[in-house]
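**Q** Questions regarding the structure given below will be posed in turn.
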Amino acid sequence: MISIKDMMSKIEMLPPFSKVANKATEILKKQDFTMQELADIVHVDASLTANILRVANSAKYTTARTITDLRLAMSIIGLEEMNEIIMKSAAKPYFNEMIDGYESYPGELWEHSLAVAILGIELQFLEPQIDTSVLYTANLLHDIGKIVLSQYVHEEYKTMLKMIQEEHVDFLTAERKVLGFTHSDVSAKVLRDWNFPEDVVLAARHHHAPEKLDNPYVNLTALADYLSMIIGKSSQKDGLHYKGHQKLLMRYKIHSNDLDRILHNVIDKIKAIEELLE
């Protein structure tokens, strides 16, 4: 079982979340910011700047000439997608290394996180009052704790799998019994240390047990996480060993036709984003 000291040392080893990304998202929430103000922050990060220009010059935003001006690129893209690009650019480096305990192949957890983020936006019509940027952030980073616990899960995976099969518990229960923590616990701790909004922290903490807290961000993160399994975008190592969230489908009265449409849209969007990022 992991000691609190061990877990804290692992969390402290994570590089801090991008200050550029945090500042840029703060600016996007202001009512009276200028594109120049946003560009002054964004251009400090060369990778983020390149990603914005790449998107602005993609087939989705076909223009008569190549866009090289950052302010113009951001104007073309729009504020909602700008927030998504900023968060993707800031989050992806954490998922670059093989996350042994939870991944069957390199990049699997990133694919899952991206799918959950896109699914969440597709599902936002169920909770139209919530902040899109907060929901996207919550969904993209809901499993960040897996990076911290990866080494321990890798070492104890056979023990946990045996417990799941013999005791008929879910993966979260096996994590808690064998490690002393769940990846949801650790995700919440990391996100709180990074000073993300409380709804982001709560979504990470409860996305496998939404019945414990009636919160729209928790509900949509949990539902998106569940639906990611249906489209084959959840980790093969732990994705089949969680309790389902069919109650949320019933709560929101999502019919099979609506679900088919949502999943079809998400699959197309994930493919387009992955091709663009390549």
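The values are calculated or read from the model by the stated rules, or taken from the named source; none is laboratory data. Quick caveat: nothing in here was measured; it's all calculated off a predicted structure. All Cβ positions, glycine included, derive from the backbone under ideal geometry; neighbour counts span all protein chains shown. Accessible surface is based on the protein model in full, side chains and every heavy atom, while ligands, DNA and RNA are left aside. Shrake-Rupley method; radii C 1.70, N 1.55, O 1.52, S 1.80 Å.
**Q** Working from the pairwise distances between different alpha carbons, so that the mean of 1/r is found and then inverted, what is the chain's Kirkwood radius in Å?
**A** Numbers: mean 1/r = 0.0513 Å⁻¹.
After inverting the mean inverse Cα-Cα distance, the result is 19.5 Å.
**Q** Same structure, new question: Roughly how many Å² is the accessible area per residue of the chain, as a whole number, for a 1.4 Å probe?
**A** On the way: 13510 Å² over 278 residues.
Accessible area per residue: 49 Å².
**Q** Another one. Would you compute the Debye intensity of region 133-209 from its alpha-carbon atoms alone, equal scatterers and no solvent, and pass along log10 I(q)/I(0) at q = 0.26 Å⁻¹ to two decimals?
**A** Here the Debye-derived log intensity ratios amount to -1.11.
**Q** So what is log10(I(q)/I(0)) for region 73-205 at q = 0.09, 0.15, 0.18 1/Å, when the Debye sum runs over its Cα atoms only?
**A** One equal scatterer on each Cα of region 73-205 leads to -0.30, -0.77, -1.03.
**Q** Give me the lysines in straight-line cross-link reach of residue 212: C-alpha distance below 22 Å, same-chain residues under 8 apart excluded.
**A** Reachable lysines: 146, 177, 189, 243, 247, 253.
**Q** Arrange the peptides 199-205, 55-61 so that the one whose residues have, on average, the most other Cβ atoms within 10 Å appears first.
**A** Working: 199-205: 25.1, 55-61: 15.6.
Those peptides, ordered most packed to least, come out 199-205, 55-61.
**Q** Can you tell me how region 25-96 classifies by the Cα gyration tensor, rounded, prolate or oblate, using a/c under 1.5 as the rounded cut?
**A** Values: a/c = 1.64, a/b = 1.08, b/c = 1.52.
It comes out oblate by the Cα gyration axes.
**Q** Take the solvent-accessible surface of the protein heavy atoms, probe 1.4 Å, and return the percent of it on the chain that carbon and sulfur atoms account for.
**A** Numbers: 7090 of 13510 Å².
Taking all protein chains in place, the chain shows 52 percent carbon and sulfur surface.
**Q** Regarding region 122-278, what is the average projected area of its C-alpha convex hull, in nm²?
**A** Computed as one quarter of the Cα hull surface, the answer is 10.0 nm².
**Q** For every helix of n ≥ 4 consecutive DSSP H residues, a contribution of -39,500 (n - 2.57) applies; sum these over the chain, divide by its total residues, and give [θ] at 222 nm rounded to the nearest 500 deg cm²/dmol. Walk me through the numbers before you get to the answer.
**A** Numbers: 15 runs with 180 residues, N = 278.
One gets -20000 deg cm²/dmol as the mean residue ellipticity at 222 nm.
**Q** Looking at the square roots a ≥ b ≥ c of the eigenvalues of the Cα gyration tensor of region 1-140, which shape do they give, rounded for a/c under 1.5, prolate if a/b is larger than b/c, or oblate?
**A** prolate
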